[in-house]
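S.K.: I have a structure I would like to understand better, so I am pasting it below and will then ask my questions one at a time.
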Amino acid sequence: MPVAEIVAYGLGYFYIVVVIAVSLRVIVKRRPPGVSLAWLILVIVLPYFGAVLYLLMGERTLGRRRAKRAEALLPPLQKWLSDIASATPPELEDEPVGREKLRRFVAGSVGVPALGGNQLELIEGADATLEAIIKEVDRARETCDLEFYIWHLGGLADEVARALIRAEARGVRCRVLLDSVGSVWFLRSNLVREMRKGGVEVVEALPVSLLRGLFVRADLRLHRKIVVIDGKVAFTGSLNMVDPCFFKQGAGVGEWVDAMVRVTGPAVKLLELVFVWDWLIETGETLEALIPHTESDLPFATGEAVAQVLPSGPGYEGGGIYQLLLTAIYASRRELIMTTPYFVPDEPIIDALQAAARRGVAVTLIVPERVDSLLVRYASRAYNDDLLSAGVRILRFRGGLLHTKSVVIDGETTLFGTVNLDIRSLRLNFEVTLIAFDVRFGNAVRELQLRYAAQAEPIDLQRWRQRRGYTRLLENAAQLMSPLL
């Protein structure tokens, strides 16, 4: 038999072995059917490339060392959380059924209770948020803890860095945790070297390298945005540490539009706990070295809002933010307004939105007209026909890349944080969501959503159905990849 024929047979058998082996691995893992089918298609159509891609990105592997640290940290952090919860129980008289379902889900899912006595202040826009953070850093007396996916050079973001250097110079311990991929250029900048020289601790979270990629999945990212000052004031929401005037100016989507919430009261401790967990996992420090446990460390009431915090991502059991979102949609009775930059959900979320609209809930989805990912842009549009047909109102925001992630249910309950309505955010990234059971904050976020709506164009179902055939083909093709986005 000629050598070429032997090689051809060998490659053919190897092809079959690779497809069978990786396909069995996909099936054994029992992920959602859409995700499993997408991987199977990719492995069969592109067996070698698909197999390598699956081994690098197909499983939520973060390494044994990280798992051991998490196991050791859980008991003391649960004790700390229990102390906080017993200090400020919420007022829950005459609680609506829908709100009770959400509160109990979060408590049962990750063990984080709802806490009363909070003040929640919505901050619209990057400039106002960054100026507020600088102001709090300049007031700090003990600690400044910051955690972001992206820190980008330029403008007011640089002023935050300089404020941290000033704080460190007067004896405040400043810690900054940044995602390795999202902040890759900043972490190698002169400004970071200046911060570290000034005493600011800057840690790279989930570092990426070729060797590490063989054992740990490289695309699981730290997508949280948290600022905690002295354990008494906190910020969270959609804004990365970026000044929109300097960030992605060449992307052709306009300036990014964000919102944050300033939190005082017991819920600050919940956000602090999320930061502490991430910091200890990355650095290996002990809890005792990071936070002193004293009576003064217990939370104090500053307002009347009841709030919970839901961290989510790999390693969090029970479906986390994904199931919370489904619960929220099904709990809605009158109105559901959602804003998200990236809308690439799965079938259960689409079904839930359609069911809500058909039972008379006024469902409004506000998304940017243009996003910075071509694949996401087409995949997102593939769902429009189904949603519009069910009565969901879809608005395309024309004032830039709308980056605010918010859900307001019946004006009473608000989900506000870092989570996009796509599978990556809902199942893969490390995210954080503030759940606010407060009519005042709900109205503030709803009014912000309505201001976004005023700058948006509604999609008309009949006109939408008249789009060109090749556009529909691109949308449907992109939708096939949506479980992997």
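S.K.: State whether one or more residues within segment 461-471 are buried (at least 19 other Cβ atoms within 10 Å of the Cβ) and not polar (S, T, N, Q).
M.R.: no
S.K.: Identify, from the list 104, 166, 193, 162, the residue that is part of a helix (DSSP H, G or I), farther than 21 Å from residue 430 by Cβ, not aliphatic (A, V, I, L, M) and not assigned by TED's automatic domain parsing to the domain that holds residue 225.
M.R.: Answer to the selection: 104.
S.K.: Another one. Given 275, 247, which one is closer than 30 Å to residue 398 by Cβ and not in a strand (DSSP E or B)?
M.R.: Sole residue among the options that is closer than 30 Å to residue 398 by Cβ and not in a strand (DSSP E or B): 247.
S.K.: What number of residues in segment 240-275 are within 23 Å of residue 112 (Cβ to Cβ), in contact with a helix residue (DSSP H, G or I) (Cβ under 8 Å, 6 or more places away or on another chain) and buried (at least 23 other Cβ atoms within 10 Å of the Cβ)?
M.R.: Residues that pass the stated criteria total 7.
S.K.: Only one of these conditions is not met by residue 377: (1) under 20 Å from the mean Cα position of the chain (by Cα); (2) modelled with pLDDT of 95 or more; (3) of a type in the set (Lys, Arg). Which number is it?
M.R.: (2)
S.K.: Here's something else I'd like to know. Here are some residues: 363, 371, 367. Which one is of a type in the set (A, V, I, L, M, F, W, C) and in a loop (DSSP other than H, G, I, E, B)?
M.R.: Residue meeting the stated conditions: 371.
S.K.: Can you confirm whether residue 439 is surrounded by fewer than 20 Cβ atoms within 10 Å (Cβ to Cβ) and β-branched (Val, Ile, Thr)?
M.R.: Yes: the conditions hold for residue 439.
S.K.: On the basis of being in contact (Cβ under 8 Å) with a residue 60 or more places away in the chain, buried (at least 16 other Cβ atoms within 10 Å of the Cβ), in contact with a Ser or Thr (Cβ under 6 Å, 6 or more places away or on another chain) and small (Gly, Ala, Ser), does residue 417 make the cut?
M.R.: yes
S.K.: Could I ask something else about it? Kindly indicate whether any position in segment 296-317 is modelled with pLDDT under 95 and on the phi > 0 side of the Ramachandran plot.
M.R.: Yes: segment 296-317 contains one or more residues that are modelled with pLDDT under 95 and on the phi > 0 side of the Ramachandran plot.
S.K.: Scan segment 63-82 and tell me whether some residue there is within 22 Å of residue 278 (Cβ to Cβ), in a loop (DSSP other than H, G, I, E, B), of a type outside the set (Ser, Thr, Tyr) and at pLDDT below 75.
M.R.: Looking for residues that are within 22 Å of residue 278 (Cβ to Cβ), in a loop (DSSP other than H, G, I, E, B), of a type outside the set (Ser, Thr, Tyr) and at pLDDT below 75, one finds at least one in segment 63-82, hence yes.
S.K.: Related question: When residues of segment 260-295 are filtered for being more than 28 Å from residue 340 (Cβ to Cβ), at pLDDT 80 or above and polar (S, T, N, Q), how many remain?
M.R.: Matching residues across segment 260-295 total 1.
Residues checked against (1) part of a loop (DSSP other than H, G, I, E, B); (2) among the charged types (D, E, K, R); (3) under 21 Å from residue 331 (Cα atoms):
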position: 399; (1), (2), (3): yes, no, no
position: 408; (1), (2), (3): no, no, yes
position: 411; (1), (2), (3): yes, no, yes
position: 414; (1), (2), (3): no, no, yes
position: 425; (1), (2), (3): no, no, no
position: 442; (1), (2), (3): no, no, yes
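S.K.: When the residues of segment 108-128 are narrowed to those that are part of a helix (DSSP H, G or I) and in contact with a helix residue (DSSP H, G or I) (Cβ under 9 Å, 6 or more places away or on another chain), which ends up nearest to residue 86 (Cα to Cα)?
M.R.: 110
S.K.: Now, a different point. Tell me whether segment 121-144 contains one or more residues that are basic (Lys, Arg) and under 26 Å from residue 206 (Cα atoms).
M.R.: Within segment 121-144, none of the residues are basic (Lys, Arg) and under 26 Å from residue 206 (Cα atoms).
S.K.: Do we find a residue being buried (at least 20 other Cβ atoms within 10 Å of the Cβ) and either hydrophobic (A, V, I, L, M, F, W, C) or at pLDDT below 95 (or both) anywhere in segment 207-214?
M.R.: No: zero hits.
S.K.: Mind checking which residues of segment 129-152 are part of a strand (DSSP E or B) and surrounded by fewer than 22 Cβ atoms within 10 Å (Cβ to Cβ)?
M.R.: If the condition is that a residue be part of a strand (DSSP E or B) and surrounded by fewer than 22 Cβ atoms within 10 Å (Cβ to Cβ), then 143 is the only one that fits.
S.K.: Still on this model: Mind checking which residues of segment 135-150 are touching a residue at least 12 places away in the same chain (Cβ under 8 Å) and over 24 Å from residue 277 (Cα atoms)?
M.R.: 138, 139
S.K.: Considering only residues that are out of contact with any Asp or Glu (no Cβ under 7 Å at 6 or more places or on another chain) and outside any helix (DSSP H, G or I), look in segment 196-208 and name the one that is farthest from residue 167 (Cα to Cα).
M.R.: For segment 196-208, the residue satisfying everything is 208.
S.K.: Moving on. Return yes when residue 382 is surrounded by fewer than 16 Cβ atoms within 10 Å (Cβ to Cβ) and either under 24 Å from the mean Cα position of the chain (by Cα) or without any contact (Cβ under 8 Å) to a residue 24 or more places away in the chain (or both) and no when it is not.
M.R.: no
S.K.: So the check is Cβ under 8 Å with 6+ separation or different chains; which pairs have a first residue in segment 442-455 that's in the same structural domain as residue 258 (by TED's automatic domain parsing) and touching a residue at least 60 places away in the same chain (Cβ under 8 Å) and a second one that's surrounded by fewer than 17 Cβ atoms within 10 Å (Cβ to Cβ) and of a type in the set (Phe, Trp, Tyr)?
M.R.: none
The values are calculated or read from the model by the stated rules, or taken from the named source; none is laboratory data. Please read all numbers here as calculations on a predicted model, not as lab measurements. In this analysis, Cβ positions are derived from the backbone assuming ideal geometry, glycine residues included, and neighbour counts consider all displayed protein chains.
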